[in-house]
């Protein structure tokens, strides 16, 4: 993907906590859209959230707003035909990233997924985070609702996010290009923001490199809340180095996992991390799905990228990196409250339980997953494709006419 993003000044960044804040803000913006709505997401479910998204998109389409929705062929494989038909019959462009047929009823396209979560409205406001369009991101309503985060941004950064979404569509020949926006975004605040994407061509390590730079520069504290934590050797090494030079390194990880295997991998690292002086807390109220971090007093990041092999080495991801003291302090305050009220501290005694089987698991899994992306490269080359869905109602009409 031929894009190269730099730091942009004069932006505004607003933290959105959980689906309730995120969905309300996104849907309000879509309902007021005048020209264009761009959406990239891993998952759309046909539930209360998916229905509200659909109604907002149909209402915008009726006002002649141009709409491109790109979903992942693995994450959104189960979206039903009626939902899809309503969207495309309304003139909404629905694109599916790298769809694959099932094998014995099972999805087989697990790797190199479109895991980004992006919304851009009118080139004026954009959203990035880890939140999919589903009711499982409503922890206020459901016990297993996920704790997660997004950013709503205004200012020059919005055009970078729009360019990234457009570049993906152009790269896969879903569109020839995005139309010009009538008015470019104006300066909106004091935050410096940089977009970083991860793909499987020119931007394989961009997100990881930004994390590494921040960890190396950390002087006082570093807090990470991440759903699926099994970092690369380089990230692991820099976290250890930061703790050794006196930086207060704190991890908030899953204590009530939606995928138990993910916690198993993370917990296999606990003993070693505690020995290095890293503090570990498990969030136990809801499944943690967030991908958020702060370093010292200005740097923060929110996005779709976990710190695990799938996100760092295989999937398409997008994170915003922000230099803004206000946002940093807001995130720090929120995560500190989360630790105080909803987390369990991992002690050496807890980490040592089952060490007889955790130690070999850590050794095998860490070194296997460290080299996993390279081993994936031994498989036959695979070029991802994008399918733009045609209106099913027209297909059916043509079929009946031929019959």
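Observations on the structure shown:
- Answer residue from the range 261-275, given it is in a helix (DSSP H, G or I) and in contact with a strand residue (DSSP E or B) (Cβ under 9 Å, 6 or more places away or on another chain) and is surrounded by the fewest Cβ atoms within 10 Å (Cβ to Cβ) among those: 274
Residue by residue, here is whether (1) crowded, with 19+ Cβ neighbours inside 10 Å; (2) touching a residue at least 40 places away in the same chain (Cβ under 8 Å) holds:
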site: 18; (1), (2): yes, yes
site: 24; (1), (2): no, no
site: 34; (1), (2): no, yes
site: 44; (1), (2): yes, yes
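- When residues in the range 172-207 are screened for being crowded, with 19+ Cβ neighbours inside 10 Å, part of a loop (DSSP other than H, G, I, E, B) and in contact with a helix residue (DSSP H, G or I) (Cβ under 7 Å, 6 or more places away or on another chain), 2 of them pass.
Residues checked against (1) modelled with pLDDT under 95; (2) buried (at least 17 other Cβ atoms within 10 Å of the Cβ):
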| site | (1), (2) |
| --- | --- |
| 309 | yes, yes |
| 314 | yes, yes |
| 320 | no, yes |
| 333 | no, no |
| 338 | no, yes |
| 342 | no, yes |
| 345 | no, no |
| 349 | yes, no |
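- Answer from 136, 122 - the residue that is buried (at least 18 other Cβ atoms within 10 Å of the Cβ), touching a residue at least 24 places away in the same chain (Cβ under 8 Å) and out of contact with any strand residue (DSSP E or B) (no Cβ under 8 Å at 6 or more places or on another chain): 136
- For the range 209-246, a tally of residues being assigned to a helix (DSSP H, G or I), touching a residue at least 60 places away in the same chain (Cβ under 8 Å) and surrounded by fewer than 20 Cβ atoms within 10 Å (Cβ to Cβ) returns 4.
- Residue 102 falls short on exactly one of the conditions (1) surrounded by fewer than 20 Cβ atoms within 10 Å (Cβ to Cβ); (2) more than 20 Å from residue 168 (Cβ to Cβ); (3) at pLDDT 95 or above, and that condition is (3).
- Per-region count, the range 254-279, residues more than 10 Å from residue 230 (Cβ to Cβ) and touching a helix residue (DSSP H, G or I) at 6+ places or on another chain (Cβ under 6 Å): 8
- Sole residue being loosely packed, with under 13 Cβ neighbours inside 10 Å, over 23 Å from residue 76 (Cβ atoms) and modelled with pLDDT under 80, chosen from 373, 360: 360
- Residue in the range 49-72 that is within 21 Å of residue 287 (Cβ to Cβ) and touching a helix residue (DSSP H, G or I) at 6+ places or on another chain (Cβ under 8 Å) present: yes
The values are calculated or read from the model by the stated rules, or taken from the named source; none is laboratory data. All values reported here derive from a predicted model rather than from experimental measurement. Ideal geometry is used to build each Cβ from the backbone, glycine not excepted, and the neighbour counts take in all protein chains shown.
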